[in-house]
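Below you'll find the structure, written out as structure tokens, and then a few comments.
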There are 4 protein chains.
Amino acid sequence: KIAGYIRKAGKQVLLSRVSAYHKDLNETMLADKPDCAIVLGGDGTIIQTANDLMTYDIPILGVNLGTLGFLAEIEENHVMDALDRLFIDDYRMESRLMIQGNIHYSQQHTGRYENTTGYSLNDIVITRKGFSRIISLGIYVNEELVDNFQGDGVIISTPTGSTAYNLSAGGPIIIPRSSVMVITPICPHSLSPRSIVVPAEDTVKVVVGKSKKTQEAEATVTFDGNQVYELGTDDIITINKSQYDTKLIKLNQTGIYEILRSKLSNNGD
Amino acid sequence: KIAGYIRKAGKQVLLSRVSAYHKDLNETMLADKPDCAIVLGGDGTIIQTANDLMTYDIPILGVNLGTLGFLAEIEENHVMDALDRLFIDDYRMESRLMIQGNIHYSQQHTGRYENTTGYSLNDIVITRKGFSRIISLGIYVNEELVDNFQGDGVIISTPTGSTAYNLSAGGPIIIPRSSVMVITPICPHSLSPRSIVVPAEDTVKVVVGKSKKTQEAEATVTFDGNQVYELGTDDIITINKSQYDTKLIKLNQTGIYEILRSKLSNNGD
Amino acid sequence: KIAGYIRKAGKQVLLSRVSAYHKDLNETMLADKPDCAIVLGGDGTIIQTANDLMTYDIPILGVNLGTLGFLAEIEENHVMDALDRLFIDDYRMESRLMIQGNIHYSQQHTGRYENTTGYSLNDIVITRKGFSRIISLGIYVNEELVDNFQGDGVIISTPTGSTAYNLSAGGPIIIPRSSVMVITPICPHSLSPRSIVVPAEDTVKVVVGKSKKTQEAEATVTFDGNQVYELGTDDIITINKSQYDTKLIKLNQTGIYEILRSKLSNNGD
Amino acid sequence: KIAGYIRKAGKQVLLSRVSAYHKDLNETMLADKPDCAIVLGGDGTIIQTANDLMTYDIPILGVNLGTLGFLAEIEENHVMDALDRLFIDDYRMESRLMIQGNIHYSQQHTGRYENTTGYSLNDIVITRKGFSRIISLGIYVNEELVDNFQGDGVIISTPTGSTAYNLSAGGPIIIPRSSVMVITPICPHSLSPRSIVVPAEDTVKVVVGKSKKTQEAEATVTFDGNQVYELGTDDIITINKSQYDTKLIKLNQTGIYEILRSKLSNNGD
């Protein structure tokens, strides 16, 4: 239905409902350089699409099918109105910082794994895996040691991701226009579980340490809760601001503080 | 060496260094009803021994081989002095609350698994497993709904366990003589990550909910960080004060607040 | 109206709407040994009444005139039903732990002040006063040093008070039947702001330290947010379980967890 | 001694030990446009000097006389070395964000008070005053309502101030180069005590609400823990990035993370 309405208006727009669906479209439809991608779904679907379209520089309009989200801009029943506003260029574009994590496997793992890079609109999470009770992580900012961390893991989050896992782990809310990243420990063995906010231009480095019991670290790094890689002792993840960003189409339906208050009073559901 | 000293004194004492070691001893040595078990090792080894000896009602003297612990009573080089004090009955016995968790598998799992019971001196932890991002748990106290929890999991801790994983997850410190349990959420999706302290006589019930993505919950329950069972949707863990407790031999070397201050200033290492 | 209904039933009940009102009644009405006190008002009024009636051992029925409270048992429009249930003895009595704080002024202050004792159903709060930025407090449990605290102050709370100021300062929720007190720091200068839960039988001692700037501490101790005393350097507050308790009449209208969930989703309003 | 050494080198430097001391110097010495101000003392003295010198654009070198600080760059016994490096221009200048708060008194107060502006290198703190238990504050960012806050107060902190009162109240650590402010509630009545990080270009507005009991708010606003103004109902504080900043002379003796780790392991003393 939405597709038909757009076609009548003679515009080229990419529709994505679920990741499986638009995977097929990538090749053909993206070749036509659509003006924007309309994503039907929750924040998860929008983040997935942001990752898929990252290199194409296509702005995204999120359409909320379920509960109120931080990224979806409009409710389902306002789609047509929204399209009309898009057609007459009555909207604002908001650029959202993305981060990238480069995995450098230590010599002992390089036979098995290839160094790789992942991208995140929300967060990069390094956690213990399986039955290892505690993980040791060396955390550095601009090559300066921040802390030798012991606990469940660490989250490096963008402002966009600050209201996701970072918030559950006790981190601060960061308004998206802030040009920073936040490092938040997950269940630290230490008693000082404070988040550290660093300029987006800084480089965060996480070095996987030895586990006490097995002498072999069991860890994973997860990009946007989706892409998962296994890590072992001495593997290094280097995290930087990405050259890519995500452009969100804003129609100013709901302010971020209004969404926050609503989420707060619903206990985050 | 310690064994020789004890033998000379004509006393019957169980020595345990690592769990593997005293496993062999169980049958024969425990038959002799030793007066106490001397555990050489950290808090982890003491907890392990407490679980192994639970039904035998044998008091434990923890000898610290490494860093300061909450359960170990003496340093390695004070063992002989400690033994002398034991021989002349110059010590105090401290009873530590243990909890038990009964796993009731839902009908769909009862073919595969048998209902079972685990015991903990520290804590019973129910967490998400593998790549499921969020777990849903129904938490009840005395059959009254406390909360429908979403997040990484929940800890039910004894006072003894309050300085372990509970503390990492933001829970309060509970002085061991308090007759309570504490329920602490791990990275709750909600914004109100508060621990709830309940009388030790209450019954805590945790019901595993459906996961959003797979529709099949992937969870585990872990007793004292050691015994692990897999859980699925609708499985239930019922947690009560155990009929067993752990008796620790106290020689009043170091007070709990002194240990706490020391741990605090070392960031818990 | 309520009074008339009760009189018809031939019972003796104390009605209190505001503290000013029942102050006059104390002498005459209390002489008649009323069976119970019906308090119309919020949690604040009930706590006030609990303090006033403490020594008379009269159970209290809280009638909620405003928003949902933790202590008020019934809504205004259910008063008559509640009375009927009282008349046929269809209710449960819940005993709530109270604490008492003895103020021992140091020699330099004893000329000006007299040692005194205050009682609390909720909490005893020691805070910095006026423009002193930080207060130093020595905190002891059973004469063992817990910590030399620096910050805004400290709360010693009963289980009943755990959902009041203690909760705002980051402390845990404690179910009323638990026989414990909780010590919660307010904005501690240290990075380890953890509450400590101690058995109700323990004795908490707080010693006012020297302030950095003025060399003369400016502090206050407040009982149930109402009775306030000024403190100076070396003054000592000793806190114990009180011989008195507060008896609440429970008609099981709303469970504590239901109230908690309701409060949580309204952000505590 | 230091003064002599500098004079020999023919440089013009302002020395400040305590605020009382350099107050006298302001008129005469500042007329000579000193190249830098050497401040002997803790972080408090440096912040005081930063406020005093704000409009003169004179860089500050902090010399630590006591415990390790976040702002003092060198220890007392390295002063001469430091001066030598200053003389040969071997140093880095670090600009620190300052904020300003404009107090607009409501009509009912404008007879008594004059609208005024305060500046802070650390923080602007609005708190309840005296015996009012709870303060109500409307908090806005860029005229959008963030929250109607109830509790002890709110801190608006610069990155420099994030390790001061903000940290005690549970706020995140913010690395000074980050161009943000952080809003941290103090003991919020609500259960969601999260800090909000906003771009430094945003405008934070705090409106003093009515207190429940007295109908007349009793509040104060404090600039850098030093300058204090009383506030009443409907008074407004508008907080912005200041046109002034503080320039710190950095000799890279100790990195910020090293200071943080040191502070953490000493519990912030």
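The values are calculated or read from the model by the stated rules, or taken from the named source; none is laboratory data. If you're wondering where the values come from, they're calculated on a predicted model, not measured in any experiment. All Cβ positions, even for glycine, are placed from backbone atoms using ideal geometry, and neighbour counts span all protein chains on display. Accessible surface areas use protein heavy atoms only, side chains included; no ligands, DNA or RNA. Shrake-Rupley method; radii C 1.70, N 1.55, O 1.52, S 1.80 Å.
A few points about this structure:
- Calculated label separations, C:N252, copies of the chain, 7 Å along the beta-carbon direction, nm: 4.7, 5.6, 7.2
- In a simple Cβ point-charge model (Lys, Arg +1; Asp, Glu -1; nothing else charged), the stretch D:98-244 has a dipole of about 340 debye relative to its Cα centre.
- Chain D residue nearest the axis that carries D onto A, by Cβ, with distance in whole Å, is D:P172, 2.
- Computed with a 1.4 Å probe over protein heavy atoms only, the accessible area of D:T158 comes to about 0 Å².
- The stretch B:98-243 - Debye-derived log10 I(q)/I(0), Cα point model, q = 0.12, 0.14, 0.15 Å⁻¹: -0.42, -0.58, -0.67
- When the residues A:R133, C:R96, A:R128 are ordered by accessible surface, computed with a 1.4 Å probe over the protein chains alone, the sequence from largest down reads A:R133, A:R128, C:R96.
- For the stretch C:132-161 and the stretch C:217-261, distance of Cα centres in Å: 15 Å
- With its label point put 7 Å out from Cα toward Cβ, D:E94 sits 3.2, 4.3, 5.3 nm from the same residue's point in the other copies, in order from shortest.
- C:K247 long-range amide H proximity, modeled H, under 5 Å: C:I60, C:R96
- Accessible-area composition of the stretch D:65-192, carbon plus sulfur, in percent [1.4 Å probe]: 47 percent
- B:M80 - accessible surface, heavy atoms, 1.4 Å probe, Å² rounded to 10: 50 Å²
- For D:V146, the residues whose amide H sits under 5 Å from its own are D:I139, D:Y140, D:V141, ignoring neighbours fewer than 5 places away on the same chain, with H placed 1.01 Å from N.
- For the stretch B:153-159, 3J(HN,Hα) per residue [Karplus equation, 6.51 cos²θ - 1.76 cosθ + 1.60, θ = phi - 60°, Hz, x = Gly/Pro]: x, 9, 10, 10, 10, 7, x
- Legend: residue pairs B:K241/C:K241; A:K205/B:K263; C:K205/D:K263; A:K241/B:K210; A:K263/B:K205; A:K129/A:K241, Cα-Cα distance threshold 29 Å; pairs beyond threshold, A:K241/B:K210.
- Net dipole in debye of the stretch C:66-161 [+1 Lys, Arg Cβ; -1 Asp, Glu Cβ; about Cα centre; nearest 20]: 720 debye
- With a 1.4 angstrom probe, the accessible area lost at the B-D interface totals about 600 Å².
- Copy-to-copy label separations for D:K129, where each label sits 7 Å from Cα toward Cβ, in nm and ascending: 1.7, 5.9, 6.0
- The figure for B:S95 is an accessible area of roughly 70 square angstrom, using a 1.4 Å probe on the protein chains alone.
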